1. Report every pair of residues separated by at least 6 positions or lying on different chains whose Cβ atoms are under 7 Å apart, first residue within the stretch 272-293 and in contact (Cβ under 8 Å) with a residue 24 or more places away in the chain and among the aromatic types (Phe, Trp, Tyr), second away from ligand 2 (no atom under 11 Å from the Cβ) and open to solvent by 10 Å² or more (accessible area, probe 1.4 Å).
2. Given the options 228, 267, 288, name the one that is near ligand 2 (Cβ under 10 Å from one of its atoms), modelled with pLDDT of 95 or more and open to solvent by 20 Å² or more (accessible area, probe 1.4 Å).
3. Kindly establish whether residue 212 is open to solvent by less than 50 Å² (accessible area, probe 1.4 Å) and either part of a helix (DSSP H, G or I) or more than 17 Å from residue 15 (Cα to Cα) (or both).
4. Which residues, counting only those in the stretch 52-75, are under 23 Å from residue 107 (Cβ atoms), surrounded by 19 or more Cβ atoms within 10 Å (Cβ to Cβ) and either at pLDDT below 95 or hydrophobic (A, V, I, L, M, F, W, C) (or both)?
5. Output the residue which, of all residues in the stretch 7-51 that are within 8 Å of ligand 1 (Cβ to nearest atom), part of a helix (DSSP H, G or I) and among the hydrophobic types (A, V, I, L, M, F, W, C), is surrounded by the fewest Cβ atoms within 10 Å (Cβ to Cβ).
6. In the stretch 61-81, is there at least one residue being more than 25 Å from residue 364 (Cα to Cα), among the acidic types (Asp, Glu), over 20 Å from the mean Cα position of the chain (by Cα) and more than 14 Å from ligand 1 (Cβ to nearest atom)?
7. Scan the stretch 80-101 for residues that are away from ligand 2 (no atom under 16 Å from the Cβ), open to solvent by 10 Å² or more (accessible area, probe 1.4 Å), part of a helix (DSSP H, G or I) and in contact with a Leu (Cβ under 7 Å, 6 or more places away or on another chain) and report the count.
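The values are calculated or read from the model by the stated rules, or taken from the named source; none is laboratory data. Small disclaimer: the values here were computed from a predicted structure and weren't measured. With ideal geometry, Cβ positions are generated from the backbone for all residues, glycine too; neighbour counts draw on all protein chains shown. Each accessible area value is taken on the protein alone, full model and side chains, heavy atoms only, with ligands, DNA and RNA left out. Shrake-Rupley method; radii C 1.70, N 1.55, O 1.52, S 1.80 Å.
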Amino acid sequence: MRIAVIVGTRPEGIKLAPIIHRMNQEPLFKPVVINTGQHLEMLDQVLTTFFIKADYQLKLMRNTQTLEQLTADILTTLTPILKTEAPDLLIVQGDTTTAFAGAYAAFLLKIPVAHIEAGLRTYNCNSPFPEEMNRQLITRLASYHFTATDANKKNLIEERVPSERVWTVGNTVIDALLQVSSTSYEFPQELHKIIESDEQLLLVTTHRRESFEQMWKVYRAISRLVEENKQLRVLLPIHKNPLLRKQASIHLIQHDRIHVVEPLDYECFVHVMKRAYVILTDSGGIQEEAPALNIPVLVIREQTERQEGITAGTLRLVGLNVEDIIEETTKLLYDRREYEIMAQALNPYGDGNASERIINVLKGLNLKQNF
Ligand code: UD1
Ligand code: UDP
């Protein structure tokens, strides 16, 4: 079975690595990995961590790229490769431009598409933007749908996706996380001061496009939190997007307990998460991973498609208001009971066997017949 796998960004690399590894162990599968290069350094870090070498590297990233240019570039460069490779199936992951354009290119060539992490929904096409639209479009383009939870599956069934084409398998990010977090790890020298300090560590990541104009509020809130709490240290591994970096440089104060560093490689980041006291983030993947490590997550977004985490109590939606971010973070810093309730809540996103389940389903598919 010739299976093309398309990756473009950091989270796709992390979440597809366990599947690529499993396919490499099975003689039945001949995986062809196509890297669009939507992300450059941030994806290369992941592929290095997981020892994955792409068969094709399209190198499409441009500085402050536009979505229309990126979409056009992916369609025009990917199509001839798919024609040459003629895979039996294309695997896409998530809701990025790479995943959407990849699925569309395959659809036009009548190559069946399997969608990993299907069924996430906010039903608000502006939040997250453009991901909510991407994931809905991928659902229409794909033939096979692998969801992380039963609630995600229910969304698809309600949208009239045939139930026999949907499998709830858990999220492959937990497979990746468990693999990486179980190893012993030596932090790089430059992080020693942060990791070894006995202060409470607030780990922060920010990157969502729809929040750009309001991101200053997050940086302002962090600045005040550090000024008001002598026992608080902040680590912000900052996304490579120059527009975001500019905002952070304007609105974050210079402080010896605020550390803005380059994106950390996945292994390092996972071990930093284990050391964090609270995580403040707008990331999708971190909402799934941190609870598996018993770290409370405050979600700096107006809406989340990870409702199961909110219901389970592992996540709390704090929005993008300065006072709300400060209040909710402070609560967790000082109220041990509140903290423990969140930290001990059960993570609904999987048990580390999602890729195994996906491989077992793929083995049983009659691809030609089912498109
Ligand atoms: C993309 C995805 C988003 C995902 C996120 C993961 C879309 C529309 N968005 O958003 O769903 O959550 O990746 O991080 O697909 N850059 C670099 N080096 C890198 C990566 C990015 O310099 O390794 C800079 C470039 O200037 C690039 C910009 O960041 O133009 C934005 O990258 P892009 O992939 O367009 O958007 P993200 O916000 O990363
Ligand atoms: N991550 C990482 N290094 C960092 C920050 C995050 O490896 O410095 C990992 C994180 O563990 C998670 C993934 O990147 O698995 C999330 O990526 P991102 O937040 O960029 O995208 P999203 O999940 O929101 O699509």
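1. If the second residue must be away from ligand 2 (no atom under 11 Å from the Cβ) and open to solvent by 10 Å² or more (accessible area, probe 1.4 Å), the pairs left are 277/200.
2. 267
3. Judged against the criteria, residue 212 is a match.
4. Result: 54, 58, 60, 70, 74.
5. Selected residue: 42.
6. no
7. Residues that pass the stated criteria total 1.
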